[in-house]
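Here's the structure we're looking at; comments come further down.
The values are calculated or read from the model by the stated rules, or taken from the named source; none is laboratory data. As the structure is a computational prediction, the values presented were derived from the model and not from experiment. Cβ coordinates were reconstructed from backbone atoms using ideal geometry, including for glycine residues, and neighbour counts include every protein chain displayed. Only protein heavy atoms, including side chains, enter the accessible area calculation; ligands, DNA and RNA are left aside. Shrake-Rupley method; radii C 1.70, N 1.55, O 1.52, S 1.80 Å.
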Protein chains: 2
Amino acid sequence: MGSEKLFAGIEAGGTKWRVAIGRSPELLADTTIATTDPDSTISACVEFIRNSGIPVEGTGIAAFGPLDLDPNSNTYGFLTTTPKPGWSNTNIKSRIEDSLGVPVVIDIDVGGAALGEWRWGAGRGLDNILYVTVGTGFGGASLREGRTFHELGHPEMGHITVEREKTDTFPGSCPFHRSCLEGMAAGPAISARWGRPGPELSERLEVWDLEARYLAQGMQTYIYTLAPQRIILGGGVMQQPGLLDMVRKRLEERLAGYGPAPSDVDNFIAAPEFGQDAGLIGAIALARRQFEGT
Amino acid sequence: MGSEKLFAGIEAGGTKWRVAIGRSPELLADTTIATTDPDSTISACVEFIRNSGIPVEGTGIAAFGPLDLDPNSNTYGFLTTTPKPGWSNTNIKSRIEDSLGVPVVIDIDVGGAALGEWRWGAGRGLDNILYVTVGTGFGGASLREGRTFHELGHPEMGHITVEREKTDTFPGSCPFHRSCLEGMAAGPAISARWGRPGPELSERLEVWDLEARYLAQGMQTYIYTLAPQRIILGGGVMQQPGLLDMVRKRLEERLAGYGPAPSDVDNFIAAPEFGQDAGLIGAIALARRQFEGT
């Protein structure tokens with residue numbers, strides 16, 4: 001490692017914060033902290049970095065949202081109105097900056113994960129990728145030459161329009177749009193539709209066939225809108241064995257060979273190489289890009 | 001004007017080519033040529049530019065597609081497999097370059113129109129805009145800092161998923177996806193659903209109410225996917241009086257205040273300032289950017 005600079009990475013989630021030190025996917029130290037109130041969580045995180053005894057040049061945060069990511073805003077780097085109790089209007093960026101005494105860069109969690117996969121994982125070498133995560137929520141980040149774009153706030157890719165599948169009578173679980181993609185296909189929708197959580201439905205083919213149909217609808221829309229060279233599709237729901245292949249198959253049917261269609265759907269729809277670590281490694285990538293330019 | 005460079009712009013469409021000379025929306029000369037076979041159409045276009053006696057430094061083309069826009073491809077600048085008789089595999093870019101003896105830059109028609117609106121029209125000063133045109137076809141171009149992205153071919157924004165509106169029994173007119181947005185809401189879908197073309201349905205409120213609902217579905221998806229600062233919504237179908245306002249209203253209902261939602265929908269969904277000239281003026285903008293860097 002020699003004199004190469006080191007960075008802290010934080011994946012700040014609603015249930016846990018993961019913290020690591022390094023400059024690549026090979027982490028030198030890492031830990032997990034339960035998300036409680038802002039004071040305790042931020043302190044524990046800062047203490048871990050300090051106590052490691054490793055000097056870091058900067059910190060990257062891939063955080064749950066909604067975040068204010070407008071650099072011209074007075075509340076830049078703040079969590080805004082989150083339903084998470086106690087966390088609304090928390091200035092995550094400045095509080096960590098002030099406690100640690102090193103500069104902090106912050107992005108939305110999926111933006112960090114997308115960057116990590118682009119820099120070192122399933123998206124490397126590509127100019128235009130889409131990272132999608134399907135779990136408790138449904139998120140996506142489009143990277144063009146490694147950059148996300150947040151002009152009107154970060155995209156909310158889970159909330160796109162889908163068509164109800166013929167056999168499906170589930171009304172949808174999105175409190176805003178009811179039957180948008182997130183409302184029909186994220187983890188809570190699966191639980192609500194079938195009466196139990198996804199992992200307990202693993203053997204029921206009809207659950208995953210329907211899930212794959214909705215996900216393929218979403219992928220069609222993303223492809224025709226963003227024309228990515230690859231879609232990296234991860235998150236808890238995608239842990240279901242065989243689901244990724246079912247999505248590929250349904251997607252190929254839907255595209256019908258039209259437009260900027262991927263020639264090799266197996267390669268086009270990929271799992272994240274860093275799996276559940278994508279956000280944490282992405283936070284390191286955020287810091288390295290911001291503070292080292294590499 | 002003095003010694004300022006001048007450029008030719010061509011909007012190459014399936015029914016007509018429009019040609020102009022200038023360096024801004026104030027055109028010095030312009031004409032319209034019916035699209036016949038490639039030889040005649042291209043010759044007429046080159047002749048007009050030559051006969052104008054105005055020396056041009058380069059030519060921008062905003063062309064109908066599908067186009068090969070991969071600079072590394074052997075068929076870069078070609079129309080590929082178009083249903084337009086005689087035009088498949090026409091090397092538009094090189095043929096005009098060779099005849100005129102000046103360099104040519106080519107982009108998809110909506111890409112040119114988007115650039116013109118961004119440079120001088122309804123999108124000026126914004127970092128992230130979406131230009132959408134609803135007419136015989138349904139097209140869109142997303143500009144980030146004035147650039148389109150074509151890594152997997154240009155996007156086909158009309159072919160996104162929409163949900164069938166409750167009262168609508170029309171099966172959809174897209175030969176590939178049947179009931180995608182284009183299949184439900186472009187000009188041919190309106191004609192097929194109601195038995196006559198849009199302009200003859202001008203007084204029938206239910207036609208435009210349904211149209212606005214589908215367009216609002218599409219705008220929702222674009223907003224959540226691309227987070228543009230403004231959507232410029234033009235094309236022949238949008239000439240229907242009142243339709244733009246109906247789309248705004250339906251969109252506001254659909255977004256339900258969630259996500260990167262525009263604070264002022266009247267300002268957010270805008271008509272193109274150059275109306276039906278957006279493509280032609282965009283072609284001048286393409287040339288000026290490419291060959292003058294401004």
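For the reader, a short list of remarks on this structure follows.
- Those residues of the stretch A:171-217 which are part of a loop (DSSP other than H, G, I, E, B), within 11 Å of another protein chain (Cβ to nearest Cβ) and within 19 Å of the chain's Cα centre (by Cα), in sequence order: A:180
- Residue match in the stretch B:205-214 (condition: modelled with pLDDT of 95 or more, closer than 23 Å to residue A:256 by Cα, touching a helix residue (DSSP H, G or I) at 6+ places or on another chain (Cβ under 8 Å) and not basic (Lys, Arg)): yes
- Some residue of the stretch B:116-124 being open to solvent by 20 Å² or more (accessible area, probe 1.4 Å), farther than 24 Å from residue B:69 by Cβ and not hydrophobic (A, V, I, L, M, F, W, C): yes
- Candidate set: the stretch A:90-107, residues that are assigned to a loop (DSSP other than H, G, I, E, B) and without any contact (Cβ under 8 Å) to a residue 60 or more places away in the chain; chosen: the one farthest from residue A:289 (Cα to Cα): A:90
- Residue in the stretch A:279-291 that is of a type in the set (A, V, I, L, M, F, W, C) and open to solvent by 20 Å² or more (accessible area, probe 1.4 Å) present: yes
- Filter result (without any contact (Cβ under 8 Å) to a residue 40 or more places away in the chain and under 24 Å from residue A:110 (Cα atoms)) within the stretch B:222-273: B:223, B:224, B:225, B:255, B:256, B:257, B:258, B:259, B:260, B:261, B:262
- The set of residues in the stretch B:216-241 being in contact with a Phe, Trp or Tyr (Cβ under 9 Å, 6 or more places away or on another chain) and either of a type in the set (S, T, N, Q) or not assigned by TED's automatic domain parsing to the domain that holds residue B:205 (or both) consists of B:225, B:229, B:240.
- Some residue of the stretch A:257-270 being at pLDDT 95 or above, out of contact with any Leu (no Cβ under 8 Å at 6 or more places or on another chain) and among the acidic types (Asp, Glu): no
- Residue count, the stretch A:143-170 (criterion: more than 9 Å from chain B (Cβ to nearest Cβ) and open to solvent by less than 20 Å² (accessible area, probe 1.4 Å)): 3
- Identity of the residue in the stretch A:218-240, open to solvent by 10 Å² or more (accessible area, probe 1.4 Å) and within 11 Å of chain B (Cβ to nearest Cβ), that ends up farthest from the chain's Cα centre (by Cα): A:229
- Scanning the stretch A:126-142 for residues that are more than 9 Å from every other protein chain (Cβ to nearest Cβ) and surrounded by fewer than 24 Cβ atoms within 10 Å (Cβ to Cβ) yields A:135, A:136, A:137.
- Taken as a whole, the stretch B:250-271 holds at least one residue that is in contact with a helix residue (DSSP H, G or I) (Cβ under 9 Å, 6 or more places away or on another chain), of a type outside the set (Ser, Thr, Tyr), away from chain A (no Cβ under 14 Å) and in a helix (DSSP H, G or I).
- Test for residue B:86: is it over 20 Å from the mean Cα position of the chain (by Cα), open to solvent by 20 Å² or more (accessible area, probe 1.4 Å), on the phi > 0 side of the Ramachandran plot and in contact (Cβ under 8 Å) with a residue 24 or more places away in the chain: yes
- Residue check for residue A:110: away from chain B (no Cβ under 11 Å), assigned to a loop (DSSP other than H, G, I, E, B) and touching a strand residue (DSSP E or B) at 6+ places or on another chain (Cβ under 8 Å): no
- Here the stretch B:171-197 is the region considered, the condition is being over 30 Å from residue A:128 (Cβ atoms) and of a type outside the set (Gly, Ala, Ser), and the residue that is least open to solvent (accessible area, probe 1.4 Å) is B:190.
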